[in-house]
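Bear in mind that the values in this text are calculations on the coordinates, not laboratory data. Everything numeric in this text was worked out from a predicted model, so none of it was measured. Glycine also receives a Cβ, built like all others from the backbone with ideal geometry; neighbour counts cover every protein chain displayed.
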Amino acid sequence: MRMVDIIEKKRDGHPLTEEEIRWFTTEYSAGNIPDYQASALAMAIYFQGMTDEEAGALTLEMAKSGDQLDLSAITGTKVDKHSTGGVGDKTTFILGPLVAALDVPVAKMSGRGLGHTGGTIDKLEAFTGFETEISQEQFIELVNKNKLALAGQSGNLTPADKKLYALRDVTATVDSIPLIASSVMSKKIAAGSDAIVLDVKTGSGAFMTDEDDARALAKAMVDIGNSIGRDTMAVISDMNQPLGRMIGNALEVKEAVETLKGEGPADVHELSLTLAAHMVVLGGGAASAEEARDLLEKAIQDGSAIEAMKTFIAAQGGDPSAVDDPELLATAKDRVAVPAPSSGYVTEMHAAQIGQAAMLLGAGRATLDDEIDHAVGIELEAKIGHYVHEGDTIAWLHANKDDTTAIRTMVQEAYTFSDQQPDARPLIFDTIH
Ligand code: URA
């Protein structure tokens, strides 16, 4: 085969065969296709799209390009969850213990954060000693024993996707639905779970700012998952403002612990219970989402969800006493008030900008080598729909740096105020099966 023929075929709008996609993925991973030809193909896909069959083939080939976890030694239907990323999204470490409390196994691979969205591993490392560099044997043993374990992404998971994604990042070809869908799903398939619940975010803090694009991406991923034999469904959820009140590692852990005790903010509780209910149904723990939800509410009320969190943290070397006493988690030197610059209803929040502000405080990374400060972040007092008077505190910066003037301004500028009360917006826009 010749790469130039494959590029030309796609450029002219014809679907590629499975063999052509396999040949490209294998040869590109092996370093036999130059980046300029791979870029040309990515751009042709960007403009011409892919059929479901092509996207499915690309997903499978990228999944096969590196290690594939074999989780068959885990009893039961393993359910994974993936979020397309958002500010203040701490649902992964709420869902894990919640679903595990109902005896549905969760074998989770997670990553670290880059940019304005934090990574689950960074957040959980707020528990002193928590370790995610565990062997595959240990991972499987822990899931069998406690129904929950979380491991860092293996070095050689989907190398073809890693290489192609890096190339797309610098060739303006990231925003292609079939390319995003196959990139995300290749990692999910390689991570080995039987069923997948996707949380596709839409809004100012999301990758997909437009709701219709989010729906199209969700549909593409659900179709790929189901066509490859993994039971997959998606929820489209709002990211027009940060989720919950806390952004930052230890702060988000505190909010997750509150949620598992039934004392969390309404949006965090609602989204967590919705996603957890779908996971429980796919994992065979309940016949319907309603039944699953009742069982999950019970697990919160009778304390089994918070107990599952403690067991999980302790099993991976973390100090679980911070679950009972969150004051033991890292605390920043200062708590600096951010005053409302004017009076009015909060009508909009630029979630990504608030995420950037948290990153500048030290809660996130600008480059992969940056160190994270677990203690710092942002606590929101005002969210969309709240009325504030000029000078009221709209947010607090948990800061370890002395000069936070510019960050305070950034947070103020992320808010839009108006005399008009905004309409209530849904938290969950749609469910895609
Ligand atoms: N996240 C991914 O993993 N892949 C993409 O292509 C975009 C976002």
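Over all alpha-carbon pairs in the chain, figure out the percentage whose distance exceeds 38 Å.
Details: 20678 of 93528 pairs.
Tail of P(r) above 38 Å: 22 percent of Cα pairs.
Given the pairs Lys78/Lys310; Lys78/Lys383; Lys108/Lys298; Lys81/Lys162; Lys310/Lys383, which span a C-alpha to C-alpha distance of over 26 angstrom in this model?
Details: Lys78/Lys310 21 Å; Lys78/Lys383 36 Å; Lys108/Lys298 24 Å; Lys81/Lys162 20 Å; Lys310/Lys383 31 Å.
Over 26 Å apart, Cα to Cα: Lys78/Lys383; Lys310/Lys383.
Name the residues of the range 263-306 whose amide N is less than 20 Å from a point 7 angstrom out from the Cα of Asn226 along the C-beta direction?
Taking a point 7 Å out along Cα→Cβ of Asn226, the residues of the range 263-306 whose backbone N falls under 20 Å are 275-290.
Looking at the range 327-395, which trypsin sites (Lys or Arg not before Pro) are in a loop (DSSP not H, G, I, E or B) and have at most 12 other Cβ atoms within 10 Å? Kindly include the intermediate steps, with their values, before the conclusion.
On the way: sites: Lys333, Arg335, Arg365, Lys383; in loops: Lys333, Arg365, Lys383.
Those that pass, being in a loop and sparsely packed, are Lys333.
For Lys261, which aspartates and glutamates qualify as cross-link partners when the Cα separation must be under 16 Å and same-chain residues fewer than eight apart are set aside?
The qualifying aspartates and glutamates are Glu252, Glu270, Asp294, Glu297, Asp302, Glu307, Asp324, Asp325, Glu327.
Which residues does a label at Ile428 reach in the range 192-209, if reach means a backbone N under 19 Å from a point 7 Å past the Cα toward the Cβ?
195-203
Under the classification rounded if a/c is under 1.5, otherwise prolate if a/b is larger than b/c and oblate if not, where does the range 195-324 fall, given a ≥ b ≥ c as square roots of the Cα gyration tensor eigenvalues? Don't jump to the answer; show the numbers that get you there.
Numbers: a/c = 1.93, a/b = 1.34, b/c = 1.43.
Oblate is the answer for the range 195-324, as a/c is 1.5 or above yet b/c matches or exceeds a/b.
Calculate one ³J(HN,Hα) per residue across the range 219-230 by plugging θ = phi - 60° into the Karplus curve 6.51 cos²θ - 1.76 cosθ + 1.60, and present them in order as whole Hz with x for glycine and proline.
5, 4, 5, 5, 5, 4, x, 5, 5, 9, x, 10
Pull up the DSSP beta bridges for the range 79-324 and report the antiparallel fraction as a percent, rounded to 5.
Values: 1 of 20 bridges.
Within the range 79-324, antiparallel bridges account for around 5 percent of the total.
So for each of 28-40, 98-110 I average, over its residues, the number of other beta carbons within 10 Å; can you give me the resulting order with the highest mean first?
Working: 28-40: 15.6, 98-110: 24.5.
In decreasing order of mean packing, 28-40, 98-110 become 98-110, 28-40.
Need the C-alpha centroid separation for the range 231-275 versus the range 376-410, integer Å.
20
Working out 0.36 nm times the residue gap between Asn32 and Lys333, then minus their Cα-Cα distance, what length gain in nm do you get to one decimal?
On the way: separation 301, 0.36 × 301 = 108.36 nm, distance 5.26 nm.
Stretched out fully, the Asn32 to Lys333 stretch lengthens by 103.1 nm.
Give me Rg over Rh for the range 3-49, both radii from the alpha carbons and Rh done the Kirkwood way, two decimal places. Could you put the intermediate results ahead of the total?
Values: Rg = 9.8 Å, Rh = 10.5 Å.
Rg/Rh for the range 3-49 comes to 0.93.
Hey, got a sec? Which GluC sites (Glu not before Pro) in the range 373-406 land in a DSSP loop and have at most 13 other Cβ atoms within 10 Å? Present the calculation step by step, with values, prior to reporting the outcome.
On the way: sites: Glu379, Glu381, Glu390; in loops: Glu381, Glu390.
When the GluC sites (Glu not before Pro) of the range 373-406 are filtered for loop state and at most 13 Cβ neighbours within 10 Å, Glu390 remain.
Considering the alpha-carbon set of the range 28-173 alone, what are its Rg and its Dmax in angstrom?
My reading of the Cα-based Rg and Dmax gives 17.7, 50 Å.
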